[in-house]
1. Name the residues in the range 204-231 that are out of contact with any Gly (no Cβ under 8 Å at 6 or more places or on another chain), open to solvent by 60 Å² or more (accessible area, probe 1.4 Å) and basic (Lys, Arg), would you?
2. Looking at the range 107-118 only, could you name the residues that are under 27 Å from the mean Cα position of the chain (by Cα) and in a helix (DSSP H, G or I)?
3. Would you mind stating whether Lys167 is of a type in the set (D, E, K, R) and either under 19 Å from the mean Cα position of the chain (by Cα) or not in a loop (DSSP other than H, G, I, E, B) (or both)?
4. In the range 136-171, which residues are open to solvent by less than 40 Å² (accessible area, probe 1.4 Å) and more than 27 Å from Thr250 (Cα to Cα)?
5. Going through the range 335-346 one residue at a time, which ones are crowded, with 23+ Cβ neighbours inside 10 Å, touching a residue at least 60 places away in the same chain (Cβ under 8 Å) and within 15 Å of the ligand (Cβ to nearest atom)?
6. Are there any pairs, at least 6 apart or on different chains, whose C-beta atoms fall under 9 Å, with the first in the range 153-181 and among the hydroxyl-bearing types (Ser, Thr, Tyr) and the second open to solvent by 60 Å² or more (accessible area, probe 1.4 Å) and within 13 Å of the ligand (Cβ to nearest atom), and if so, which?
7. Among the residues of the range 385-427, how many are in a loop (DSSP other than H, G, I, E, B), more than 24 Å from Asn50 (Cβ to Cβ) and more than 16 Å from the ligand (Cβ to nearest atom)?
8. Could you check the range 244-295 and list, in sequence order, the residues that are in contact (Cβ under 8 Å) with a residue 24 or more places away in the chain, at negative phi and among the small types (Gly, Ala, Ser)?
Amino acid sequence: MCYAIPGKLVEIKDRIGVVEYFGERRKVLIDFVDVAVGDYVYAQGGVLINKISQEEAQEILATWQDIFFELKKTDMRLAEVNKTTPSKNLLKILQKINLNQTLKREELFTLLELKGRSDLKLLFDTANNIRQKEHSNACCVHGIIEFSNFCRNNCFYCGIRTQRNIKRYRMSVEEIVGFARYAVQKLGFKALVLQSGEDYWYNENKLVTIIKEIKKLGILIFVSIGSRSKETYKKIFEAGAKAALLRFETSNKKIFKKLRPNTSLEERLDLIKYLKDIGYLIATGFLIGLPGETYDDIINNILLTKALESDMYSFGPFIPTQGTPLQNHRLIDKELVLKMIAVTRLVDKGAKILVTTALETLDKNAKKEGLLSGANSLMINVTPSQYRRLYRIYDHRAGVREEIEENIKETVRLLYSLGRAPTDLGI
Ligand code: 5AD
């Protein structure tokens with residue numbers, strides 16, 4: 001399967017390496033793989049994760065050789081900004097962006113409030129253009145395994161909250177490791193996200209065992225297991241999980257307190273900062289459209305994600321879900337999420353920005369539109385289907401009914417049609 005391309009390590013200085021993909025160079029962190037200049041390697045999320053033999057690499061690269069340059073051309077073409085006449089407000093902002101000036105809060109506000117079709121198109125195209133200049137056609141594709149839907153929390157927005165009456169499941173340690181092996185060896189993933197509710201049945205020992213076993217597969221492991229003690233996170237980092245996905249959910253203290261009983265924003269942020277400090281790659285972000293949120297909050301959400309030096313932005317629409325206290329809340333427009341992706345790209349040009357499943361759930365074009373509005377990362381759900389149905393974090397999740405292979409094929413087809421290649425995005 002083709003969602004990671006090996007590159008050649010052409011330079012090493014301190015712990016930073018330079019990997020070349022058909023002449024294109026990207027910096028990566030050399031953390032734990034024993035490598036030398038000249039080796040063929042895989043990198044994910046800016047971390048060098050594995051080394052492969054020259055023969056194997058050249059065989060894979062031969063299959064990419066022609067298509068790689070074709071993809072680049074397609075991406076360049078789609079990332080062109082067509083000349084249109086923007087409104088006065090937008091024109092001023094675009095001029096600032098061209099001059100590399102930092103946008104003011106009011107300007108971000110203006111962007112989020114844009115309405116006219118042609119202004120919106122110009123905003124999305126500009127963001128896509130910046131994405132292309134910063135990262136070329138590289139796109140991260142990670143697999144996600146949802147291994148338990150037990151959760152001790154009772155978040156008002158969440159479909160797996162303790163008090164919701166749903167069928168619960170837990171994958172055993174052996175099942176998780178076995179399935180990760182399948183995802184890596186048979187499906188070809190080079191990075192996996194292991195996600196669950198806050199489920200303390202998986203104690204530190206179990207988590208360490210899982211990570212150590214999966215680590216042997218030579219991939220980047222993201223953990224997405226909610227709030228656990230700093231000690232536990234440290235132990236699983238040492239066991240080999242080098243990335244963590246942990247959203248702060250909302251930057252508004254009051255909304256946080258109300259919607260996440262018995263937890264606090266301070267604690268959450270403290271944990272995210274700790275994870276960053278001890279060396280985790282961090283993916284963090286928020287929900288868009290929680291009750292009581294204003295554009296001010298939304299802007300704060302973007303700025304907070306940036307201030308946390310997030311290695312990847314992960315945000316998506318809040319989807320009101322039956323059987324939760326917020327079931328009757330209004331669903332936001334897809335357009336607002338696309339604007340958020342675009343604005344994030346303008347605020348943090350070099351960012352890695354995910355298109356989340358929640359956005360895909362809004363309609364079937366959303367994934368494509370997200371990628372054309374500044375996003376450059378995707379996750380493919382590789383949870384075994386009998387469990388995927390039960391991971392009911394919100395209603396009508398995209399990709400729940402399809403077979404894994406079908407989801408993968410569909411995503412690869414989409415990426416090709418947009419001219420994106422699964423080279424690493426680097427650091
Ligand atoms: N709609 C969209 N996203 C949700 N999440 C939880 N509930 C919902 C919902 N109703 C998100 C949270 C969490 C992530 C795993 O899923 O942001 O961090």
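1. Lys216, Lys230
2. Glu107, Leu108, Phe109, Thr110, Leu111, Leu112, Glu113
3. no
4. Residues satisfying the conditions are Ser136, Asn137, Ala138, Tyr169, Met171.
5. Met340, the sole residue that qualifies.
6. Tyr157/Pro325; Tyr157/His329
7. Result for the range 385-427: 6.
8. Selection gives Ala244, Ser251, Ala283.
The values are calculated or read from the model by the stated rules, or taken from the named source; none is laboratory data. As the structure is a computational prediction, the values presented were derived from the model and not from experiment. Virtual Cβ from ideal backbone geometry, glycine too; neighbours counted across all protein chains shown. Heavy atoms of the whole protein, side chains included, go into the accessibility calculation; ligands, DNA and RNA do not. Shrake-Rupley method; radii C 1.70, N 1.55, O 1.52, S 1.80 Å.
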